[in-house]
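Data first, discussion second: the structure below is written as structure tokens.
The values are calculated or read from the model by the stated rules, or taken from the named source; none is laboratory data. Everything quoted here is computed from the prediction, not taken from an experiment. Neighbour counts are summed over all protein chains in view; Cβ atoms, including those assigned to glycine, are modelled from backbone coordinates with ideal geometry. Remember, those area values only see protein heavy atoms, side chains included, never the ligands or the DNA or RNA. Shrake-Rupley method; radii C 1.70, N 1.55, O 1.52, S 1.80 Å.
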Amino acid sequence: MQKSFLHRPLFTAVPILIFSLSSCTTVPETGRSQLRLISPEQEMQLGLTEFEKLKQSTPVSRDADQKAMLERVGKRIAVVAPLAGAQWEFVLFDEPKVPNAFCLPGGKVGVYSGILPITRDEAGLATVIGHEVAHAVARHGAERVSEALLLESGAKAVDAVLTSQGPQWRGAVLGAYGVGSNYGVVLPHSRRQELEADHLGLLYMARAGYDPRESVAFWQRFSAYQGKGEGPAFEFLSTHPLDETRIRALQEQMPQALAEYEKSRLRR
Ligand SMILES: [Zn+2]
């Protein structure tokens, strides 16, 4: 898929009204309304299919301890994350140079081993998984692609593109969930979606019994790693910029998250 697909200027009148109310829904918990032209079923089918392909094409880790840790943390997040119809699966890919993670629609979570030195412990990993699962719960990929399709194609073409389920929108959805490099697409999350995923992810980790304050520590380690400037600009790094806004928002939400943490039955 060409990057320009998502970045071309608007050149026709956009027939927004055609999509009417059925295309606008709200994100759980934050209540923000969003445009979604792709159905949950379409998106989930895409996630399930593409995850199988990824498992074929990417080496899976054989480190039993690290895999067990991912299972433990993932299952605790899954208990509290309202991802309808999820068929949860947590796979650790053996890619020590790739500090990345994603959650595809359908509850398919991929973690690349290169992020484990930065997550460091279970709470750090819970920060990343909580954040990625939040992108899926809030259906951020569907939202990004819906907006892009509408700009690109207008009403009639949107329908044609979705019906054909061509590589164009497959790559775009995957890119929007953070696995785009496998498909030649890097699609940064919007600032708004990042902050929303942080907020929801913070609540999920707290409800799963992980100290939410560890999220700030993770992002600071992550920033230090990024600051070292080693290697190329990795996808996770470029799509998750650390800045004052991110930390400040987390700190503002911390009292709510700590209250959830205190009453979590999963806390140990
Ligand atoms: Zn993100």
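Looking at region 119-139, which of its residues are open to solvent by less than 10 Å² (accessible area, probe 1.4 Å) and more than 14 Å from the ligand (Cβ to nearest atom)?
Thr119, Gly124, Leu125, Ala126
From (1) assigned to a helix (DSSP H, G or I); (2) modelled with pLDDT of 75 or more; (3) more than 16 Å from the ligand (Cβ to nearest atom), pick out the condition that doesn't hold for Arg267.
The one condition Arg267 does not meet is (1).
Condition (residue is over 20 Å from the mean Cα position of the chain (by Cα), surrounded by 15 or more Cβ atoms within 10 Å (Cβ to Cβ) and modelled with pLDDT of 95 or more) applied to region 184-201: is it met by at least one residue? Steps first, please.
First, the residues of region 184-201 that are over 20 Å from the mean Cα position of the chain (by Cα): none.
No, that holds for no residue.
Which residue out of Lys67, Lys97 is surrounded by fewer than 22 Cβ atoms within 10 Å (Cβ to Cβ), of a type in the set (D, E, K, R) and in a helix (DSSP H, G or I)?
So the residue among Lys67, Lys97 that is surrounded by fewer than 22 Cβ atoms within 10 Å (Cβ to Cβ), of a type in the set (D, E, K, R) and in a helix (DSSP H, G or I) is Lys67.
Determine which member of the set Gln34, Gln87 is polar (S, T, N, Q) and closer than 28 Å to Arg268 by Cβ.
Gln87 is the lone residue from the list that is polar (S, T, N, Q) and closer than 28 Å to Arg268 by Cβ.
Filter region 42-100 down to the residues that are touching an Asp or Glu at 6+ places or on another chain (Cβ under 8 Å), at pLDDT 95 or above and either of a type in the set (A, V, I, L, M, F, W, C) or closer than 12 Å to Ile129 by Cβ (or both) and list them by number.
Val60, Met69, Arg72, Val73, Phe90, Leu92
Cβ-Cβ under 8 Å, sequence separation 6+ or interchain: first residue in region 26-52 and in a strand (DSSP E or B), partner modelled with pLDDT of 80 or more and open to solvent by 50 Å² or more (accessible area, probe 1.4 Å). Which pairs?
Every condition considered, the pairs that remain are Ser33/Thr26; Gln34/Thr26.
If I go through region 199-213 residue by residue, how many of them are aromatic (Phe, Trp, Tyr) and touching a Lys or Arg at 6+ places or on another chain (Cβ under 8 Å)?
Going through region 199-213 one residue at a time, the tally reaches 1.
Are there any pairs with C-beta distances below 9 angstrom linking a residue in region 193-205 that is farther than 19 Å from Glu122 by Cα to a residue that is within 13 Å of the ligand (Cβ to nearest atom) and among the basic types (Lys, Arg), with the two at least 6 apart or on different chains, and if so which?
As it stands, the answer is Gln193/Arg144; Glu194/Arg246; Leu195/Arg246, since those pairs meet every condition given.
So the check is Cβ under 7 Å with 6+ separation or different chains; which pairs have a first residue in region 125-138 that's touching a residue at least 24 places away in the same chain (Cβ under 8 Å) and a second one that's charged (D, E, K, R)?
Every condition considered, the pairs that remain are Thr127/Glu214; His131/Asp198; Ala138/Glu196.
Can you tell me which residues in region 70-109 are over 13 Å from the mean Cα position of the chain (by Cα) and β-branched (Val, Ile, Thr)?
Passing the criteria: Val73, Ile77, Val79, Val80, Val91, Val98.
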